[in-house]
Amino acid sequence: MSILLTGGAGFIGSHTAVEMINAGYDVIIADDLSNSSEKVIDRIEIITGVKPKFYKVDVSVKEDVRRIFEENNIEGVIHFAGYKCVPESTKVPLKYYRNNIDTTLTVLEVMEENDCNAFVFSSSATVYGDKNQVPFREDMPTGGTTNAYGSTKLMIENILKDVAAANSKFSAVLLRYFNPIGAHPSGLIGEAPDGIPNNLMPYITQTAIGIRECLNVFGTDYNTPDGTGVRDFIHVVDLAKGHVAAIKYATEHTGAEAINLGTGNGSSVLEVVHAFEKASGVKIPVVFKDRRPGDVEYSYACVDKAERLLNWKAQYDLNDMCRDSWNWQEKNPKGYE
Ligand code: WQD
């Protein structure tokens with residue numbers, strides 16, 4: 001069965017490509033390489049022994065997406081393509097709305113033309129906003145997103161629910177990711193942020209390797225055991241396996257389902273720093289700063305629905321995530337450069 005991965009050269013897309021190939025799927029990757037490297041395609045081949053078919057295209061260009069569907073028998077789409085930098089999205093919101101919504105609409109229109117009805121979407125725990133109590137459950141109200149990036153995720157979830165309501169053959173799984181970290185244990189693929197990282201783990205690994213001087217810890221006065229923010233960190237390989245289960249589900253069901261992909265456990269920023277120090281043997285200098293605007297105190301998932309519908313559960317723990325993040329950083333100090 002051929003599955004199209006838009007944005008399949010990115011951090012989560014590349015790990016999903018590996019797990020999809022391992023599960024026996026034919027993987028087709030479409031990526032404009034705006035925030036990724038073509039080297040990823042070769043690395044996927046080294047890991048799996050299979051080179052995925054690759055199209056360097058912007059999936060908001062309808063003719064290019066049509067060509068992919070004409071040349072392949074695509075039975076489902078996992079849609080990763082999109083901009084994801086939260087602070088940038090607050091500065092240039094139109095860039096985020098234009099790209100993230102346009103790419104999704106174009107892919108959905110071409111799917112409809114081709115009677116392709118299984119869709120898996122990269123959504124985010126950010127759709128739970130700042131009003132809900134942890135653990136976040138899929139039936140809680142969404143909204144109250146604090147940046148344009150998060151708002152595009154919410155808008156796309158609503159678009160998919162409308163499409164599923166109108167087309168009885170259509171199936172959408174809205175995967176709400178918590179905080180993906182780690183890397184493939186081979187150290188061949190991993191997260192390669194462009195410029196100064198915004199997210200915690202790449203900032204920690206770049207500090208450990210000497211690219212950054214110290215880690216800024218944003219907020220020490222949260223109502224949490226050690227005062228720092230609590231997140232549900234999940235190994236990207238576990239997350240990737242969640243997509244394999246989700247596309248299978250989407251091809252066997254109809255309708256729209258939101259499903260959390262997390263571990264169900266919360267770890268504080270300082271717990272992550274200490275776990276990383278233990279796994280790597282490298283001390284991370286930290287500087288305590290004020291809270292970062294838009295951050296919530298606690299975020300972690302209720303994972304019952306993923307277990308029930310997808311028969312999927314995260315396997316890796318925080319120590320595994322730190323070890324694999326560090327292995328990737330050490331083997332690739334400058335990412336894919
Ligand atoms: C985690 C914790 C920070 C960096 C975001 C998006 C989400 C998803 C993942 C992206 C917070 C603290 C961070 C640093 C720190 N999307 N921190 N120093 O904000 O939970 O989620 O990224 O692609 O939609 O919102 O993740 O890793 O940025 O932060 O102290 O240098 O680490 O304040 O408490 P977040 P994060």
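Considering every residue within region 99-106, establish whether at least one is touching a residue at least 60 places away in the same chain (Cβ under 8 Å), assigned to a helix (DSSP H, G or I) and under 21 Å from the mean Cα position of the chain (by Cα).
First pass over region 99-106, keeping only residues touching a residue at least 60 places away in the same chain (Cβ under 8 Å): 103.
Next, only the ones that are assigned to a helix (DSSP H, G or I) stay: 103.
Still in the list and also under 21 Å from the mean Cα position of the chain (by Cα): 103.
There is at least one residue in region 99-106 that is touching a residue at least 60 places away in the same chain (Cβ under 8 Å), assigned to a helix (DSSP H, G or I) and under 21 Å from the mean Cα position of the chain (by Cα).
Could you check region 264-290 and list, in sequence order, the residues that are in a loop (DSSP other than H, G, I, E, B), away from the ligand (no atom under 14 Å from the Cβ) and open to solvent by less than 30 Å² (accessible area, probe 1.4 Å)?
Listed by number, the list holds a single entry, G264.
Taking into account only those residues within region 285-337 that are over 18 Å from the mean Cα position of the chain (by Cα) and of a type in the set (F, W, Y), which is nearest to F178 (Cα to Cα)?
Y298
Which residues, taken from region 291-313, are in a loop (DSSP other than H, G, I, E, B) and within 16 Å of the ligand (Cβ to nearest atom)?
Within region 291-313, R291, R292, P293, G294, D295, V296, E297, S299, Y300 qualify.
Which one is nearest to E271 (Cα to Cα) among residues in region 314-323 that are within 16 Å of the ligand (Cβ to nearest atom) and either open to solvent by 30 Å² or more (accessible area, probe 1.4 Å) or not aliphatic (A, V, I, L, M) (or both)?
My answer is L318.
What is the one condition in (1) touching a helix residue (DSSP H, G or I) at 6+ places or on another chain (Cβ under 6 Å); (2) open to solvent by less than 40 Å² (accessible area, probe 1.4 Å); (3) farther than 27 Å from W328 by Cα that G227 does not satisfy?
All conditions are met except number (1).
What residue, of G187, G195, G182, is open to solvent by 30 Å² or more (accessible area, probe 1.4 Å) and of a type in the set (G, A, S)?
G195
Could you please find all residues in region 118-153 being in contact with a helix residue (DSSP H, G or I) (Cβ under 9 Å, 6 or more places away or on another chain), open to solvent by less than 30 Å² (accessible area, probe 1.4 Å) and either polar (S, T, N, Q) or within 13 Å of the ligand (Cβ to nearest atom) (or both)?
S122, S123, S124, V127, G129, F136, N147, A148, G150, S151, T152, K153
Right, K161: charged (D, E, K, R), more than 13 Å from the ligand (Cβ to nearest atom) and part of a helix (DSSP H, G or I) or not? Steps first, please.
Numbers: charged (D, E, K, R): yes; more than 13 Å from the ligand (Cβ to nearest atom): yes; part of a helix (DSSP H, G or I): yes.
The answer is yes for K161.
Pairs, please: C-beta under 6 Å, at least 6 apart or cross-chain, first residue at pLDDT 95 or above and in region 137-164, second open to solvent by less than 30 Å² (accessible area, probe 1.4 Å) and of a type in the set (V, I, T)?
T142/V127; K153/V127; L154/V127; I156/T104
The values are calculated or read from the model by the stated rules, or taken from the named source; none is laboratory data. Just so we're clear, the structure is a prediction, and the values are computed from it rather than from any experiment. Note that we place each Cβ from the backbone using ideal geometry, even for glycine, and neighbour counts take in every protein chain shown. When the accessible area is computed, the model is the full protein with side chains, heavy atoms only, and any ligands, DNA or RNA have been set aside. Shrake-Rupley method; radii C 1.70, N 1.55, O 1.52, S 1.80 Å.
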